[in-house]
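The values are calculated or read from the model by the stated rules, or taken from the named source; none is laboratory data. Keep in mind that this is a model prediction, so the values were computed, not measured. Because the Cβ atoms are built from the backbone with ideal geometry, glycine has one as well, and the counts that use them run over all protein chains shown.
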Amino acid sequence: MIPLLSPDSDFPPLCTACADLGDLLAVGADLSPKRLLNAYRQGIFPWGTHDGLPVWYAPDPRTILLPNAFLVSRTLRRTLRRQTFSVSCDSAFDAVITGCATQFRTGQAGTWITPDMIYAYSRLHELGWAHSVEVWADGELAGGLYGLALGRAFFGESMFSRRTDASKVALAHLCRFLSAKGFGLIDCQMHTPHLASLGAESIARDDFVDRLANLCADAHPARWPTNALQATWN
């Protein structure tokens, strides 16, 4: 039986997550900054809401991307070198999360990025924990991604594209930035063929949690400079 959490409840042990339900761990509690940060540090994340209650997951295995292992295809490298897009960060968080929420995704009906989720992550952005990467073309937002930075771990939440390769450009710039800053991993949550094609790998949940204990040990909120990711690509 899936636990129903009250606002004061602790998360159950990760080993109790229901494999038959995609490693669903619990339902309930809230999406307060304190709850969300505590969840991510433990390897737990919310994936939408049910009847207004957060739904919490802890997948095993866990899919991660090492920042320096991002695979840049020849086509993407040409796009990066041509500077077809300009890239910024933390300059249009609301627009990015809305773009992710409204992105059409094959095989999905609706979105897990509910208004409650948008409000919660926008609050984390205001506090300096959540960040966005924006990709621009002709003065318009062409794609982007958002996630959380806790210490030296980045927890990717979602990305979107309105032009070919825009989200990949966002991820490429993010990976280079995180690698330079000494980040140990990007949490991609669950495996997809698309993520695997970009260099993501799957590791055991226990291994993932062990890594977080080290990477998230010295976590402080901070806004990233708007131009932090801007650079030419060789």
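The table for this structure:
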{"item": "Number of the condition not met by G147 [criteria: (1) in contact with an Asp or Glu (Cβ under 8 Å, 6 or more places away or on another chain); (2) in contact (Cβ under 8 Å) with a residue 60 or more places away in the chain; (3) in a strand (DSSP E or B)]", "result": "(2)"}
{"item": "Cβ-Cβ under 7 Å pairs, at least 6 apart or on other chains, the stretch 153-181 side farther than 22 Å from R81 by Cα and of a type in the set (G, A, S), far side modelled with pLDDT under 95 and outside any strand (DSSP E or B)", "result": "S158/C100; S158/I113"}
{"item": "The one condition in (1) in contact with a Phe, Trp or Tyr (Cβ under 8 Å, 6 or more places away or on another chain); (2) of a type in the set (D, E, K, R); (3) exposed (fewer than 13 other Cβ atoms within 10 Å of the Cβ) that D218 fails to fulfil", "result": "(1)"}
{"item": "Per-region count, the stretch 35-90, residues closer than 17 Å to Y121 by Cβ, surrounded by fewer than 17 Cβ atoms within 10 Å (Cβ to Cβ) and of a type in the set (G, A, S)", "result": "2"}
{"item": "Number of the condition not met by Q230 [criteria: (1) at pLDDT below 90; (2) touching a Cys at 6+ places or on another chain (Cβ under 8 Å); (3) surrounded by fewer than 20 Cβ atoms within 10 Å (Cβ to Cβ)]", "result": "(2)"}
{"item": "Among residues of the stretch 159-178, those that are within 30 Å of W56 (Cβ to Cβ) and polar (S, T, N, Q), counted", "result": "2"}
{"item": "S73 being in the same structural domain as R163 (by TED's automatic domain parsing), of a type in the set (S, T, Y) and closer than 17 Å to S158 by Cα", "result": "no"}
{"item": "Residues within the stretch 51-70 that are in contact with a strand residue (DSSP E or B) (Cβ under 6 Å, 6 or more places away or on another chain) and farther than 20 Å from L178 by Cα, tallied", "result": "7"}
{"item": "Qualifying positions in the stretch 123-141 - within 10 Å of V87 (Cβ to Cβ) and in contact with a Phe, Trp or Tyr (Cβ under 7 Å, 6 or more places away or on another chain)", "result": "V135, W136"}
{"item": "Selection count where residues are free of Cβ contacts under 8 Å to residues at least 60 places away in the same chain and either among the hydroxyl-bearing types (S, T, Y) or touching a helix residue (DSSP H, G or I) at 6+ places or on another chain (Cβ under 7 Å) (or both), scope the stretch 29-43", "result": "1"}
{"item": "Pairs where the first residue, in the stretch 190-206, is assigned by TED's automatic domain parsing to the domain that holds N68 and part of a helix (DSSP H, G or I) and the second is of a type in the set (S, T, Y) and surrounded by 17 or more Cβ atoms within 10 Å (Cβ to Cβ), C-beta under 7 Å, 6+ apart", "result": "L195/T63"}
{"item": "Residue within the stretch 209-216 that is touching a residue at least 60 places away in the same chain (Cβ under 8 Å), farther than 19 Å from A58 by Cα and in contact with a helix residue (DSSP H, G or I) (Cβ under 7 Å, 6 or more places away or on another chain) present", "result": "no"}
{"item": "Test: L171 is in a helix (DSSP H, G or I) and either among the polar types (S, T, N, Q) or modelled with pLDDT of 95 or more (or both)", "result": "yes"}
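Here's the yes/no breakdown for (1) within 23 Å of A17 (Cα to Cα); (2) surrounded by 15 or more Cβ atoms within 10 Å (Cβ to Cβ); (3) not hydroxyl-bearing (S, T, Y):
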position	(1), (2), (3)
H131	no, yes, yes
L141	no, yes, yes
S167	no, yes, no
E201	yes, yes, yes
D210	yes, no, yes
